[in-house]
Amino acid sequence: MGGIAKFFTWWGIVASKHPKIIITASMVIALGLSCGIVNLEVTTDPIELWASPVSRSRIEKDFFDSEFRPFYRTTQVIIRALENEEEGITTFPYQDFHGNDKVFGPVFQKKFLKKVLDLQEQIKNLSFTYQNTEMSLNDVCNKQGGDGCNIQNVWGYWQDNATRLDMTDVLGTGTEDERNVTYLDHFVDCTNNPSLTGPSDYLKIPCMASWGGPVSPYYILGGFIPTNMSGFPEDPQYHESTALVLTIIINNFDAKSSDPSDVEGLEKAMLWEAEFVKFMKHWEANEMPSEYMEIAFNSERSIEDELSRETYGDLATIAISYLLMFIYITLSLGQYQSHDLNGLLIESKITLGLMGVMIVLVSVAASMGIFGMVGVPATLIIFEIIPFLVLAVGVDNIFILVQTYQRSTRQNYETHSEHLGRVVGEVAPSMLLSSGAESTCFFLGALSDMPAVRAFALYAGMALLIDFFMQITCFVSLISLDMIRQENSKYDVFCCVQGKKKSDKRKTNGILYKFIEKMYAPFLMNGWIRFFVMILFIGAFSVSVVYVPEIEVGLDQEVSMPEDSFVLKYFLFLKDFLSVGPPVYFVVNNTNKALDFSSSEAQNKMCTGHTRCSKESLGALVRSWSKVPEESFIASAAFNWVDTYLSWADDDNCCRYLKNN
């Protein structure tokens, strides 16, 4: 017998002789560690979960957020038109004032457009209460100096004014070239030049939105890119769009900032977003004309909210799983040789099975408490997966301990404690080896830079170690007490009630044990069967290796959402209808003041649209990359503040100021 086996044999005898002390001490330690849960921080921000804090992109984003301000919070509604002849929502031909024949998508029917405007106005009028003060979108939205909030929508071309949609004019009256000019002609002009002014338009309607900025068509239209086409078309047919995109820009604030204005600003934005989601769910269910319209929506906070909802919604599933496992353990651990109620109450293992499941839960709680005290943030994945993981390993050890004892015959020279000690000495080294190997694998996973993976690995590894500690201390003592109860013919659960003593104490193996021993093992050990099994395994392994390159690397955001989530539908619409990707910033870190931006030389290295700019300036390089879509993902030239500054400074009317400020 090796040294480890001798140690566990000795320990099994000690735990059996002093069960109450061992149970109390182990539970006090585990529950004491669990108290750290009060300090546990739960991370739900996707960036904090999946982006390594030492990665270049994360470091640069944190720098941008702290030095400037986090990118705007975006709230979006994607509105898809369902063709319906009865409702008049169909594609339709139109000849513009240039004589070009076009087929417009169903979203350009006036009935559809006016319903979209009505939805937009209802969203703008949403209110919420902050510190006993009623507020609206106007208090949280981004404003660019014009009137109202920065809302990117096709209605920006008509300044959110329904009457302008009905304006018409006639060109070349009384001539062969006489043509009507309608809202569709105005739309075509605006897609060609979003900055078109009123005097330059045939209907004298400007294209600039009421909030003071241009609205690029690829922000607000969807479904115009041909199916199976990769990249952006050189000549996009915006008039063929089948969906509209309504984007509301909300001011954002650094979540890590302690500045009261930042904290209040973020709280207000999140309150409005919560009100928006509530309204959209109601509007979709009760007011949306579903016969010709379908929508998907999302707010900046929605992903975190849905992840939280999914996790807390799974608590019932976890509870049911533990209940079923408890029933399974209770039924499987008992050796039911009697056919009367007295024998069943004595031979059942309800208390032992319940305590085995409770030990698993206490182990998970203790692991969370330890890292709560240390300051390692938890993730919602931990609450969903680790209880099942530790339960699987813990139940395995429970069966090993109990059934090894049940199948072991006590020698004439052994006491009850010595018998249990011998059993523990036989199985505990294997339990230690398997638990140690599993925990080590998880702790090695903690070397990952990805916060979610690191946290999961740490919590799981520690939970498995504590589970082993509790099983080798608390559970061994519980086995000792339960076996003494059964030998004294006392009822399970009601352990103070004395039952009738059994005269026949023969040990029998269960049906599954007999099946494995008499049928499965002899069949598997047959020479031809062993050869066939090895060939089958090698073949399956080889096929799996062949398909390994087909595995897509990355985290598909659609997989993270529950099937009944409105965010999942938004992700699907996003893939089908949004025609522009995420924003990209080029930040010149000049904190060491290597560049003097007051000098023309430094300005020329940054600017884009002036003759004085260097051909190799940052702005020029970005613009050149936007002209090769087959090699670059940059869709357009950068909005360069240096260009705006130079135009303002070089203006003969310098200097200007906003009339409202």
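Considering the stretch 566-596 alone, what residues qualify as being farther than 23 Å from Arg56 by Cβ, in a loop (DSSP other than H, G, I, E, B) and open to solvent by 60 Å² or more (accessible area, probe 1.4 Å)?
Asp596
Please go through the stretch 204-255 and pick out each residue that is more than 21 Å from Ala638 (Cβ to Cβ) and not in a loop (DSSP other than H, G, I, E, B).
Within the stretch 204-255, Leu221, Gly222, Tyr238, His239, Glu240, Ala243, Leu244, Val245, Leu246, Ile248, Ile250 qualify.
Taking the stretch 185-200 only, how many residues are surrounded by fewer than 19 Cβ atoms within 10 Å (Cβ to Cβ), modelled with pLDDT of 80 or more, over 16 Å from Ser216 (Cβ atoms) and not β-branched (Val, Ile, Thr)?
2
Looking at Ala243, Ala296, Ala274 in this structure, which one is open to solvent by less than 60 Å² (accessible area, probe 1.4 Å), over 28 Å from Val181 (Cβ atoms) and in contact with a strand residue (DSSP E or B) (Cβ under 7 Å, 6 or more places away or on another chain)?
Going through Ala243, Ala296, Ala274 in turn, the sole match is Ala296.
Take the stretch 418-443 and flag every residue that is open to solvent by 60 Å² or more (accessible area, probe 1.4 Å) and under 14 Å from Val376 (Cβ atoms).
Across the stretch 418-443, the qualifying residue is only Phe443.
Please pick out the residue among Ser52, Ser57 that is among the polar types (S, T, N, Q) and either at pLDDT 90 or above or part of a helix (DSSP H, G or I) (or both).
Answer to the selection: Ser57.
Considering only residues of the stretch 633-651 that are open to solvent by 90 Å² or more (accessible area, probe 1.4 Å) and assigned to a loop (DSSP other than H, G, I, E, B), which is nearest to Pro233 (Cα to Cα)?
Phe633
Can you tell me which of (1) open to solvent by less than 20 Å² (accessible area, probe 1.4 Å); (2) in contact (Cβ under 8 Å) with a residue 24 or more places away in the chain; (3) hydrophobic (A, V, I, L, M, F, W, C) is the one Ala446 doesn't meet?
Among (1) open to solvent by less than 20 Å² (accessible area, probe 1.4 Å); (2) in contact (Cβ under 8 Å) with a residue 24 or more places away in the chain; (3) hydrophobic (A, V, I, L, M, F, W, C), Ala446 violates only (2).
Quick check on the stretch 623-631. Is at least one of its residues outside any helix (DSSP H, G or I) and surrounded by 14 or more Cβ atoms within 10 Å (Cβ to Cβ)?
Yes; the residues of the stretch 623-631 include at least one that is outside any helix (DSSP H, G or I) and surrounded by 14 or more Cβ atoms within 10 Å (Cβ to Cβ).
List pairs: first residue in the stretch 198-214 and under 11 Å from Gln144 (Cα atoms), second residue of a type in the set (Val, Ile, Thr) anywhere in the structure, Cβ distance under 6 angstrom, at least six positions apart or on different chains.
So the pair list comes out as Ala209/Val215.
Here's the yes/no breakdown for (1) closer than 26 Å to Pro46 by Cβ; (2) within 34 Å of the chain's Cα centre (by Cα):
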site	(1), (2)
Met525	no, no
Trp528	no, no
Phe532	no, no
Ala540	no, yes
Val545	no, yes
Ile551	yes, yes
Val559	yes, yes
Asp564	yes, yes
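Could you check the stretch 522-533 and list, in sequence order, the residues that are aliphatic (A, V, I, L, M) and open to solvent by 100 Å² or more (accessible area, probe 1.4 Å)?
Passing the criteria: only Met525.
Would you pick out the residues in the stretch 13-34 that are open to solvent by 80 Å² or more (accessible area, probe 1.4 Å) and in contact with a helix residue (DSSP H, G or I) (Cβ under 6 Å, 6 or more places away or on another chain)?
Scanning the stretch 13-34 gives a single hit, Lys17.
Restricting the search to the stretch 534-565, which residues are open to solvent by less than 60 Å² (accessible area, probe 1.4 Å) and either farther than 26 Å from Met450 by Cα or part of a loop (DSSP other than H, G, I, E, B) (or both)?
Gly539, Ala540, Ser542, Met561, Pro562, Ser565
Could you pull out the residue among Ile318, Ile381, Ile385 that is open to solvent by 10 Å² or more (accessible area, probe 1.4 Å), part of a helix (DSSP H, G or I), under 30 Å from Leu568 (Cα atoms) and at pLDDT 80 or above?
Ile385
Quick check: is even one residue across the stretch 257-272 in a loop (DSSP other than H, G, I, E, B), over 30 Å from Glu48 (Cα atoms) and under 32 Å from the mean Cα position of the chain (by Cα)?
No, because not a single residue in the stretch 257-272 is in a loop (DSSP other than H, G, I, E, B), over 30 Å from Glu48 (Cα atoms) and under 32 Å from the mean Cα position of the chain (by Cα).
What are the residues in the stretch 400-413 that are of a type outside the set (Ser, Thr, Tyr) and in contact with a helix residue (DSSP H, G or I) (Cβ under 7 Å, 6 or more places away or on another chain), if any?
Ile400, Leu401, Val402, Arg410
So in the stretch 214-232, with the set limited to residues that are modelled with pLDDT under 85 and of a type outside the set (Phe, Trp, Tyr), which one is most open to solvent (accessible area, probe 1.4 Å)?
Asn228
The values are calculated or read from the model by the stated rules, or taken from the named source; none is laboratory data. Please read all numbers here as calculations on a predicted model, not as lab measurements. When we count neighbours, we look across all protein chains shown, and the Cβ atoms used for this are built from the backbone with ideal geometry, even at glycine. All accessible areas refer to the heavy atoms of the entire protein, side chains included, with ligands and DNA or RNA removed. Shrake-Rupley method; radii C 1.70, N 1.55, O 1.52, S 1.80 Å.
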